[in-house]
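Q: Got a structure here, written out as structure tokens. Questions coming.
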Amino acid sequence: MFNTGIATKLRSIRDSIVYNEINYVPTIIERPKNLIHSKSQAWVGLESILKDITNFSGCENNHALEFGVEFGYSSSALSNYFTKVTGVDIFTGDEHAGFHGDIYELTRNNLKDYTNVELIRSDYRDFIKGNEQHFDLIHVDIIHTYEATYECGLWSAQHSTVSIFHDTESYKDVKRAVADIAKACNKKFYNYKKYNGLGIII
């Protein structure tokens with residue numbers, strides 16, 4: 001039987017070469033105090049490295065933006081570290097996250113106690129069109145195709161100090177897009193491999 005530890009190390013070496021990827025190792029693990037109960041477990045675990053990411057990137061803590069809110073777990077996590085969080089979503093799900101029907105009111109109710117979170121019902125393409133606003137951190141967790149991740153992510157990397165991308169380990173198209181965005185922007189691509197993967201562009 002092939003040693004899984006060796007396989008993991010070989011895959012890591014391959015990825016560092018193919019994607020010019022740097023393995024992200026957080027030094028601070030801190031669970032935020034205020035979190036909603038998560039209906040989806042997809043983002044659970046990543047909330048504990050947000051403080052490390054803000055410290056590591058040197059970003060300010062004024063305004064975070066996220067594309068892909070779903071039920072609001074990541075929004076609640078971000079609200080612990082930023083004065084304002086803007087969440088943009090169509091609030092219906094997609095072929096990768098699953099189709100939920102209209103969940104806008106459910107998500108709004110989940111976040112009713114988070115007064116620094118603003119929800120905007122919009123497709124990312126409509127939101128970024130002509131938008132030159134700059135954010136401290138942008139989180140991208142939309143449909144996991146290469147094209148959508150690249151389009152939304154390129155704008156995000158150009159309009160933020162640090163941009164983060166969920167599911168780099170679950171979807172190769174996401175990782176490939178993140179690597180290409182980092183190259184196009186002359187930035188570094190760090191990858192945290194746990195909890196489905198979180199790409200970090202600084």
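The values are calculated or read from the model by the stated rules, or taken from the named source; none is laboratory data. Given the structure is predicted, the values throughout are model-derived calculations rather than measurements. Positions of Cβ are generated from backbone atoms using ideal geometry, with glycine treated the same way; all protein chains shown enter the neighbour counts.
Q: Give the number of residues within region 35-80 that are modelled with pLDDT of 95 or more and either polar (S, T, N, Q) or within 12 Å of Val117 (Cβ to Cβ) (or both).
A: 21
Q: Moving to a separate point now. Of the residues that make up region 93-112, is at least one surrounded by fewer than 15 Cβ atoms within 10 Å (Cβ to Cβ), among the β-branched types (Val, Ile, Thr) and either more than 19 Å from His166 (Cα to Cα) or at pLDDT below 95 (or both)?
A: No: zero hits.
Q: Tally up the residues in region 147-167 that are within 18 Å of Gln133 (Cα to Cα) and either of a type outside the set (D, E, K, R) or in contact with a helix residue (DSSP H, G or I) (Cβ under 7 Å, 6 or more places away or on another chain) (or both), please. Can you show your working first?
A: Initially, region 147-167 is screened for residues within 18 Å of Gln133 (Cα to Cα), giving 151-164.
Pick out the ones that are also either of a type outside the set (D, E, K, R) or in contact with a helix residue (DSSP H, G or I) (Cβ under 7 Å, 6 or more places away or on another chain) (or both) and you get 152-164.
Selection size over region 147-167: 13.
Q: For region 58-76, what are the residues that are on the phi > 0 side of the Ramachandran plot and either touching a helix residue (DSSP H, G or I) at 6+ places or on another chain (Cβ under 9 Å) or part of a strand (DSSP E or B) (or both)? Walk me through it before giving the result.
A: Going residue by residue through region 58-76, those that are on the phi > 0 side of the Ramachandran plot are 58, 68, 70, 72.
Hits for region 58-76 are Gly68, Glu70, Gly72.
Q: Please go through region 169-202 and give me each residue that is in a loop (DSSP other than H, G, I, E, B) and among the small types (Gly, Ala, Ser), ordered by number.
A: Just the residues of region 169-202 that are in a loop (DSSP other than H, G, I, E, B), to begin with: 169-171, 186-188, 193-197, 202.
Of everything in region 169-202, those that are in a loop (DSSP other than H, G, I, E, B) and among the small types (Gly, Ala, Ser) turn out to be Ser170, Gly197.
Q: I need every pair where a residue in region 129-158 that is touching a residue at least 24 places away in the same chain (Cβ under 8 Å) and at negative phi has its Cβ under 7 Å from the Cβ of a residue that is buried (at least 23 other Cβ atoms within 10 Å of the Cβ) and basic (Lys, Arg), sequence separation at least 6 or different chains.
A: From region 129-158, no pairs qualify.
Q: Still on this structure, please answer the following. All but one of (1) surrounded by 19 or more Cβ atoms within 10 Å (Cβ to Cβ); (2) more than 25 Å from Glu151 (Cα to Cα) hold for Val85; state the number of the condition that does not hold.
A: Of the numbered conditions (1) surrounded by 19 or more Cβ atoms within 10 Å (Cβ to Cβ); (2) more than 25 Å from Glu151 (Cα to Cα), the odd one out for Val85 is (2).
Q: Considering region 168-185 alone, what residues qualify as being surrounded by fewer than 23 Cβ atoms within 10 Å (Cβ to Cβ), in contact with a helix residue (DSSP H, G or I) (Cβ under 7 Å, 6 or more places away or on another chain) and not basic (Lys, Arg)?
A: Pass one, region 168-185, residues surrounded by fewer than 23 Cβ atoms within 10 Å (Cβ to Cβ): 169-173, 176, 179-180, 183-185.
With the extra rule that they be in contact with a helix residue (DSSP H, G or I) (Cβ under 7 Å, 6 or more places away or on another chain), the set shrinks to 173, 176, 180, 184-185.
Correct list: Asp173, Asp180, Ala184, Cys185.
Q: Something else: Can you pull out every residue in region 17-56 that is exposed (fewer than 14 other Cβ atoms within 10 Å of the Cβ) and either touching a Ser or Thr at 6+ places or on another chain (Cβ under 7 Å) or not in a loop (DSSP other than H, G, I, E, B) (or both)?
A: Filtering region 17-56 down to residues exposed (fewer than 14 other Cβ atoms within 10 Å of the Cβ) leaves 17-18, 20, 23, 25, 27-29, 31, 33-34, 37, 41, 55.
Within region 17-56, Ile17, Val18, Asn23, Ile29, Arg31, Asn34, Asn55 meet the criteria.
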